[in-house]
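Worksheet: one structure, shown below.
The values are calculated or read from the model by the stated rules, or taken from the named source; none is laboratory data. None of these values were measured; they are calculated from a predicted model. Neighbour counts are summed over all protein chains in view; Cβ atoms, including those assigned to glycine, are modelled from backbone coordinates with ideal geometry. Areas reflect the complete protein model, heavy atoms only, side chains present, ligands, DNA and RNA absent. Shrake-Rupley method; radii C 1.70, N 1.55, O 1.52, S 1.80 Å.
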Amino acid sequence: MTKPADIIRPDVLSMTTYAVPDATGFVKLDAMENPYTLPEPLAARLGEVLAGVALNRYPLPRPAALGDKLKAVMGAPSGADVLLGNGSDELISMIAVACAKPGAKLLAPTPGFVMYQMSAKFAQLEFVGVPHRADLTLDVEAMLAAIAEHKPAIVYLPYPNNPTGTLYSDADIERVVAAATGSLVVIDEAYQPFAQKSWIGRVLDYDNVVVMRTVSKLGLAGIRLGYLVGARAWLDEFDKVRPPYNVNVLTQAAAEFILDHVDVLEAQAAELRAERAKLAQAVGALPGATVFPSAANFLLVRVPDADAAFRALLNAKVLVKNVGKMHPLLSNCLRLTVGAPGENAQMLAVLQQALN
Ligand SMILES: Cc1ncc(COP(=O)(O)O)c(C=O)c1O
């Protein structure tokens, strides 16, 4: 009898599945989603657009019209190319697979987005994590030293970072890009709507930089659409390992339609930025709580006992992310997604009780 254990890679056998908790009935502040849906008239028109989509046909593998619209709306240089992914998660996987020469390494600041390390594991690249400083800012000297020592194929620079919310300085990024002459530097701008800073306009100024974006945090997490912007020479290589038809027809049609109304999503992001400021001040005033500066739609907060605070929130049906065990630099930290005002008030009330 053949068992999975006889066939599957030992490192895969020892992995655990990416856990997504069931949030039914909870105030959901754990996954950096936009709490707002589309306004009803726009949703109705989207419904009409989607009803007209030919579900019997495969999608275009690299839809030029959608790529051009993304470039125009997001301010990419006209000479840049675009590659679409089923979320930026898929692009992260494709980059790792394409670069996985024997002995190749992937380097990223830690704590950081878990999929960088996972993509390295899946593609059998060695992951090199470079710890942030204790205040969770980028340790640029350590980054330069690690790049010189490990000569990584891929360097990730999240701009800003998850789960810390830190926005690295442009001067630090310039130093990393200049030092990483033998690497591809991927600037991950998943949280750009909340940071309002971008390298997308500069992406062609360097031969070793690509910029990654997603529509997830802007309010379209459900359609799964990420995109990579950069020189054709890079993107054509990643395209070779793209699963065929990776972005489905409904996603393509929805994105094309909603990009014509991106002002609606940008207004929602502006509200969330205002809410972030209010929430940071309120949480920071709670006894024992330290809020780290955030350029994203979440706050990283250190409390005296993160497990107890997390349990109190769970009991009150408020779901946040307990990142306290993820990395030593995050001990007793919770990551709180910024929600709608009512949701934030509910979370704040429970936290206040838990910390008093
Ligand atoms: C820094 C960062 N990059 C990329 C992603 C993946 O985004 P998606 O796959 O939804 O496009 C996330 C998701 O949380 C993230 O935090």
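Summary of computed values
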{"quantity": "Portion, in percent, of the accessible area of the chain that falls on carbon or sulfur, probe 1.4 Å", "calculated": "56 percent"}
{"quantity": "The chain: most fluctuating residue of Asp207, Asp11, Asp81 per GNM, C-alpha cutoff 10 Å", "calculated": "Asp11"}
{"quantity": "Distance in nm between pseudo-label sites at Asp207 and Lys317 (7 Å out along the Cβ direction from Cα)", "calculated": "5.9 nm"}
{"quantity": "Of Phe122, Ile147, Ala134, farthest towards positive along the dipole that unit charges on Lys, Arg, Asp, Glu beta carbons give the stretch 115-154", "calculated": "Phe122"}
{"quantity": "Sites Lys278 and Val53, calculated FRET efficiency, Cβ-Cβ separation with R0 35 Å, nearest 0.05", "calculated": "0.30"}
{"quantity": "Choice from Phe298, Phe310, Phe26 showing the highest fluctuation, given a GNM over the chain with Cα pairs closer than 10 Å", "calculated": "Phe26"}
{"quantity": "Heavy-atom accessible area per residue - the chain, 1.4 Å, Å²", "calculated": "45 Å²"}
{"quantity": "Translational D in µm²/s for the chain (Stokes-Einstein at 20 °C, 1.002 mPa s, Kirkwood Rh from C-alpha pairs)", "calculated": "100 µm²/s"}
{"quantity": "Assigned charges on the beta-carbon of Lys, Arg, Asp, Glu; the chain dipole about Cα centre (debye)", "calculated": "500 debye"}
{"quantity": "Fluctuation leader among Gly52, Gly324, Gly339 - the chain, Gaussian network, Cα springs under 10 angstrom", "calculated": "Gly52"}
{"quantity": "Kyte-Doolittle at least 0.0, axis length at least 30 Å by Cα - qualifying DSSP helices, the chain", "calculated": "262-284"}
{"quantity": "Total lysine pairs whose alpha carbons fall under 29 Å of each other in the stretch 55-261 (8 or more apart, or interchain)", "calculated": "21"}
{"quantity": "Expected 222 nm ellipticity per residue - DSSP helices of 4 or more, -39500 (n - 2.57), all of the chain, to 500", "calculated": "-12000 deg cm²/dmol"}
